[in-house]
Amino acid sequence: MPLSTGWQPEMDKSSEEKNITKPEKITPMMRQYLEIKEQHQDAILFYRLGDFYEMFFDDAVTASRVLGITLTSRNKKNDKNSIPLCGVPYHAASSYLAKLVDNGFRVAVCEQMEDPANAKGVVKREVVRVVTPGLVTEDQILDDKSNRYIASVVRQKSGRNRSAPGGTGSKSRPLWGLSLIDISTGEFMIAECDDIDSLLDELGRMTPSEILINEDATEDDYDKLLSSLSALFPDLCITKRPAGSFDMDLAKEALLDHFKVANLAGFGCDRMAAGIPAAGSLLTYITETQKSNIAHIEQIRPLDLADFLLLDDSSRRNLELTQTIIGANREGSLLATLDCTSTPMGARLLKKSLLFPLKDLGLINRRLGAVEQLFSDQVIVSIAGRELPLREGLRSVLSLVYDIERLNSRVVLGKGNGRDLIALKASLEQLPFLKRMLISCSDDLLKEIGADLDVLCDIRDLLEKSIREDAPITLRDGRLIKQGYNSELDEIVSILKHGKDLILNLETRERERSKIGNLKIGFNKVFGYYLEVSRARLDKVPDYFIRKQTLVNAERFITPELKEFESKVVGAEEKRLELEYRLFCEIRAKTAEESSRILKAASDIAGIDFLASLGEAARRYNYVRPHVNNDNEIIIREGRHPVIELSLPKGRFVPNDIHLDQTNNEVLIITGPNMAGKSTVLRQTALIVLMAQMGSFVPAKQAEIGIVDRIFTRVGAMDDLRKAQSTFMVEMNETANILNNATDRSLVILDEIGRGTSTFDGLAIAWAVVEDLVNKNGKGVKTIFATHYHEITELARTSDRIKNYNIAVREWNDSIIFLYKLLPGGTNRSYGIQVAALAGVPQHVVARAGEILHNIEKGEFNIRGQPRIAASMIAEHPSRPTQLELFSTPDDPVRERIDKLSPDKMTPLDALNTLYELKQMMVS
Ligand code: ADP
Ligand code: MG
């Protein structure tokens, strides 16, 4: 078949095909197309026709543009009735589909539901699934190191379900329900948020690809939600769903039905009045679009945000946890630095753990204990005859494990092919090794995971004995099932392979039995196989020969045995393909039944990989185990920035100490010139705390970390282009958030606050903010505050809890050398001008800035209280009215003098003299 994207009249021989060549009236096939399209107006319809998916009308125009394939038209001769069309071959469809979805389109895949050869009239067709940006299982789109979530958001109608049974009704209920599913792994979460900002924070943390919202919602909140969503997440696909699908009762029913339970108490979310409609609507949407088994979504997990160290969206971005601020690259983020995982499951868990650091001391220490064991090379294991430290042993085995979660999903969704099952088997084969290594550990957590790990021998054995190692991607072309798995198949295969031998054997046997020397077996289309006996030997024909045909010189016979053989051989190839396909589907379904065991093992593997990765990173980068506790102090000795230290030549990063407590070191004010390393020391402190609470070792000599409930950061003064707000507004939003929400267990990082406005405004705001933080709730909030306003250091005089630090620089000739060392005490200089010079600002501008600074620092003002700079500027640029404006007041004597002049009555000499006089007034 030619691989043209155009119309292929010969590719589908059914009658419908011929019909469409009469376009004047709508053909039955076109009618069917239009009916199906009607149901999927918001999607591009992939209409299966033989070996192609065809697209018509607008879909064809759009798809040909996006996919870069040729747009042709049905019925070119007749302009009036011509129909635009394009098509993609079905066996390569998934890459085209991926591209469309990646470009934000939804694709409805419509299949032929019966064999066209057997169809009477139009072949029955149905949409078997709708692929949307949030519901993708195609490898081409999925990033194996990240989950791909679809979310649903519901605003709880106020007043509804206000008093839950047993509740007093006085507690204010959460307002927003949020639910998320990753269909490629089966993960399902439910959460509730108190307000729209925390909802947006959560969406920022989970970064879903698609979100469902109520199309009928009219509340103002929804407008705000919609505008924030499109501003914050421009790539997010927003899907509006009918109000009914968010109905509480229907949603609950959908959940109960799916999980086959009587109530949701077992999942701990039965009281989530806002969450349940979100979760239910999501499940309904998935059922509607996938039209397949989704049993791999086997539990729903309440996400209690109070269990985790909270990070708002801007802090997460400021700290560059999963991507850099500039360029949004993974490379250069903390995640990329820490990621030493060997499996996609481990990589995804690492990312989640980084976004959800813990607050529970017990859980944190359990992880740290495991990481410590993996870090130390004390446990030695033997793998394939080699003795290795535990961590290396685990990592070498893990590197042979594929993405079990996503393989499992494909299996359950009925999409897995032979290669998927082989990959699954290869992964399961590693489980016994992992188990053996883990149970030999002394650490509790590792030992527990090991003891718990189901090695899934039964599934592995099933796949081992059934699926061929060299199975192709396709399911209809055979070569899937191993010999020895099914006797019927074996026989067919043997007939196909040995058919000729069998015939020859039969021929020889019959020849010997009948003593007819020239008896031979032949085949024709009408009679099939026959035994031919020449006329001369007819007398020797045995009585069990059945006469079938008489020729001039011979007669043809059949025997029951020959007929039986014939029935096996004829159509054996077809039978084989059919049987292999059926057996494969059976094996896949059997595997799918074990989905929950497979998922449990996958999650254990993720855990092992995550811990081993932390152990590996700790080794590679020389981290130490932090002492995490419930005190309220953060003491870091020789801390380093985990990402920046790697960007510098080895040993060049200058480590620094930080001591924060609630008695003498509550607020640290760090001054120093630009580029001194202020932001770095601030961020590294936040990162070290966060790493410790996720269970990681940290880049320091020693660290005592009192558990923190939230980390707030206000870092850098750059315009948040995504929010389309000015720098200063963003800065003040973030500041307001900090002042309103920080508790005595929070860590606040303020970097250059107040920079976005004039010096005095900025200074005043910064001052007031620090004052508030140091006194907040009587206890204050641990805060590190970096600023290049050295005037702020005066604040330390107002409270014992405020301490000044500076980052050392050394002056050398007219330049400065950065030492990056944090020292006690404030600075009295900003060195901005030296930094400007280092940055290449032209020499004359630097010199002029020096002059102005000198004037200001010396308090050099003229007799009218004006800075001398103003005078010199006006002298140099007398024609600049704006400058005059800036430094002139209404009772300015210069102005008064000018007002009194009458140029018409002045002689040129008068004018010149007056000019001299005015100039003299200005400089004095
Ligand atoms: P500031 O906030 O004071 O302007 P930054 O923290 O942004 O300065 O640091 C500027 C640059 O200085 C960093 O990009 C890094 O290259 C270097 N730097 C910062 N801290 C250190 C350090 N402790 N050791 C070595 N180099 C550092
Ligand atoms: Mg800075």
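Rounded to the nearest 0.05, what FRET efficiency do Leu363 and Cys585 give with R0 = 35 Å and r taken as the Cβ-Cβ distance? Could you check?
Step by step, r from the Cβ atoms, then E = 0.25.
Please give the peptides 691-704, 296-309, 510-523 ranked by average Cβ packing (other Cβ atoms within 10 Å per residue), highest first, as a rough proxy for protection.
Order by mean packing, descending: 691-704, 296-309, 510-523.
Could you tell me which of rounded, prolate or oblate describes the stretch 245-296, using a ≥ b ≥ c as the square roots of the eigenvalues of the alpha-carbon gyration tensor, with rounded for a/c under 1.5 and, failing that, prolate when a/b is larger than b/c and oblate otherwise?
Taking the square roots of the gyration eigenvalues as a ≥ b ≥ c, the stretch 245-296 is oblate.
What angle, in degrees between 0 and 90 and rounded to the nearest 10, separates the Cα long axis of helix 759-775 from the longest principal axis of the Cα atoms of the chain?
Taking Cα atoms only, the helix is inclined about 70 degrees.
Beyond 23 Å between alpha-carbons counts as too far, so tell me which of Lys351/Lys821; Lys37/Lys291; Lys291/Lys482; Lys351/Lys782 fall in that bin.
Exceeds cut-off: Lys351/Lys821; Lys291/Lys482; Lys351/Lys782.
At 7 Å along the Cα-to-beta-carbon direction for both Val526 and Glu126, put a label point, then send me their distance in nm to one decimal.
It is 4.5 nm.
Report the gain in length on full extension from Trp812 to Asp501: 0.36 nm times residue separation, minus Cα-Cα distance, nm rounded to one decimal. If you can, show how the numbers build up before the last one.
Details: separation 311, 0.36 × 311 = 111.96 nm, distance 9.62 nm.
This chain segment gains 102.3 nm when fully extended.
Taking the Cα centre of the chain as origin, sum charge times position over the Cβ atoms of Lys and Arg (+1) and Asp and Glu (-1), and report the length of that vector in debye to the nearest 20.
So the magnitude is around 2400 debye.
Residue separation times 0.36 nm, minus the C-alpha to C-alpha distance between Glu574 and Glu917: what's the value?
Answer, rounded to one decimal: 112.4 nm.
Could you pull out which residues in the stretch 276-316 have an amide N less than 19 Å from a spot 7 Å beyond the Cα of Asn740, following the Cα-Cβ vector?
What the label zone holds, given the 19 Å backbone N cut-off, is 306, 310-316.
Is there a pair in Lys678/Lys701; Lys260/Lys435; Lys497/Lys568 whose C-alpha atoms are over 24 Å apart, and which pairs would that be?
Lys260/Lys435
Binning at 20 Å from 0, report for the chain what percent of all alpha-carbon pair distances ends up in each bin.
The percentages, shortest bin first, are 11, 31, 29, 17, 8, 3, 1, 0.
Place a +1 charge on the Cβ of each Lys and Arg in the stretch 260-347 and a -1 charge on the Cβ of each Asp and Glu, then give the dipole magnitude about the Cα centre in debye, rounded to the nearest 20.
Here the size comes out at about 240 debye.
Rounded if a/c is under 1.5, else prolate if a/b beats b/c, else oblate: with a ≥ b ≥ c from the C-alpha gyration tensor eigenvalues square-rooted, which is the stretch 59-132?
Values: a/c = 2.16, a/b = 1.06, b/c = 2.04.
Verdict is oblate for the stretch 59-132.
Quick note: the coordinates plus some simple rules give every number you see, no bench work behind them. None of the values given here were measured: they were computed from a predicted structure. For neighbour counting, all protein chains shown are included, and Cβ atoms are generated from backbone atoms with ideal geometry for every residue, glycine included.
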